[in-house]
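Below is one structure, written out as structure tokens; comments come after it.
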Amino acid sequence: MLIVDDVGENLTVLGALLRGAGYRVRAASTGRMALRYAAQLPSPDLVLLDVMMPEMDGYEVLRRLRETTSTRHIPVMFITARDDREDEERGLQLGAVDYVTKPMKPEVVLARVRNHLFAKHSQDQLRCERARLEAELTRQTQENEQIQAAGIRTLAYLAETRDPDTANHILRTQNYVHLLALKLSRHPSFAAMLDRPYIETLSRSAPLHDIGKLGIPDHILLKPGQLTAAERKIMQTHTKLGSDAIDRAGQGAGTPVEFLMLAREIARWHHEQWDGHGYPDGLCGHEIPLSARIMAVADVFDALISARPYKAPMPADEVREILAAARGRQFDPAVLDVFLAHFDEFVTIASRYRDND
């Protein structure tokens, strides 16, 4: 423990008393020395602090101890010749655990020291246990998130096995969505909604945008040529098939799951258009959830810039022109403007995760 007093005789008497009771003691004769010793490891379990000292009194020492993270939890007992109720109240309000007046009674001092050390030990155990539990909770949360992400990708890749010509489409669109959401989070119109947890959940949900394709017949899904009007109508049902499946999964969970809510939005409405001419519900403008508006840009960009059996990949400049021409018609103007402002970064992602020949 640490004892602090500007009078050497007091340090000698108090130090002898405490050492005689088996305690390890360090002494400081000034407030500045006390702060320096308190910050060193191992930290003292208790500080016995004189109030009346030159330059820096005990109240100021206590205030600085409480301001510093490493010394904030060290209990402080005031030991002083000032027997004044207001002084005692001030010390306790600043965070002292006790206030002992001189002349000291050795038995009283030792009893109070023993009690405060026991309380300190109990508090340290509680803090350690809380830190252990928090670390375990963090570990379990991270593990659950990894399992969740793996499960989502497994489902998404299962859907992709029905359409093997878009092998890395999931990785690309997930990265587009994450990057676009980050860029949009700096935009005043989107900053309030696009906080870090929302962006991470949105990114985890993005791979499920085409999960409904599992319900589309092979002769339509895998048709190499253009679809007929009837076939196109069936193909468009993948949005509702996907959202209905995610709905049922959410109902089975018992409580709302945010990533399933976002996954449902994306699956159902990523083919809606800003002017209301999309499907399946003909939503327009801000009726379309932001998650789906972001996914719409990412999905179309990837379809244009990537190779398909029926087409070669389009040059980046041509893709930019096509997207820009659809501003305010197919896409949210604000979302598209941010996408185009960072267009080269999305082209880099497309190149990094391009499909093998």
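The values are calculated or read from the model by the stated rules, or taken from the named source; none is laboratory data. Predicted model only: the values in this text are computed from it and were never measured. When we count neighbours, we look across all protein chains shown, and the Cβ atoms used for this are built from the backbone with ideal geometry, even at glycine.
Looking for whichever is under 29 Å from the mean Cα position of the chain (by Cα), farther than 24 Å from F343 by Cβ and of a type outside the set (S, T, N, Q) here; the options are L283, L262. Which one fits?
Numbers: L283 fails: under 29 Å from the mean Cα position of the chain (by Cα).
The conditions single out L262.
This table checks each residue for (1) assigned to a loop (DSSP other than H, G, I, E, B); (2) over 47 Å from the mean Cα position of the chain (by Cα); (3) crowded, with 19+ Cβ neighbours inside 10 Å.
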{"site": "E9", "(1), (2), (3)": "no, yes, no"}
{"site": "L18", "(1), (2), (3)": "no, yes, yes"}
{"site": "R32", "(1), (2), (3)": "no, no, no"}
{"site": "P44", "(1), (2), (3)": "yes, no, yes"}
{"site": "R64", "(1), (2), (3)": "no, no, no"}
{"site": "S70", "(1), (2), (3)": "yes, no, no"}
All conditions in (1) at pLDDT 95 or above; (2) in a loop (DSSP other than H, G, I, E, B) are true of S189 except (1)
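Given R66, R32, which one is over 22 Å from R127 (Cβ atoms), of a type in the set (D, E, K, R) and modelled with pLDDT of 90 or more?
On the way: R66 fails: over 22 Å from R127 (Cβ atoms).
Unique residue meeting the criteria: R32.
For V113, state whether it is surrounded by fewer than 16 Cβ atoms within 10 Å (Cβ to Cβ), assigned to a helix (DSSP H, G or I) and not aromatic (F, W, Y).
Values: surrounded by fewer than 16 Cβ atoms within 10 Å (Cβ to Cβ): no; assigned to a helix (DSSP H, G or I): yes; not aromatic (F, W, Y): yes.
In short, no.
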Of those in region 79-107 that are assigned to a helix (DSSP H, G or I) and surrounded by fewer than 11 Cβ atoms within 10 Å (Cβ to Cβ), the residue farthest from the chain's Cα centre (by Cα) is E107
With the first residue restricted to region 30-57 and required to be in the same structural domain as V13 (by TED's automatic domain parsing) and without any contact (Cβ under 8 Å) to a residue 40 or more places away in the chain, and the second required to be in a helix (DSSP H, G or I) and among the aliphatic types (A, V, I, L, M), Cβ contacts under 8 Å at 6 or more apart or on different chains are G31/V61; A34/V61; L35/V61; L35/L65; A38/L65
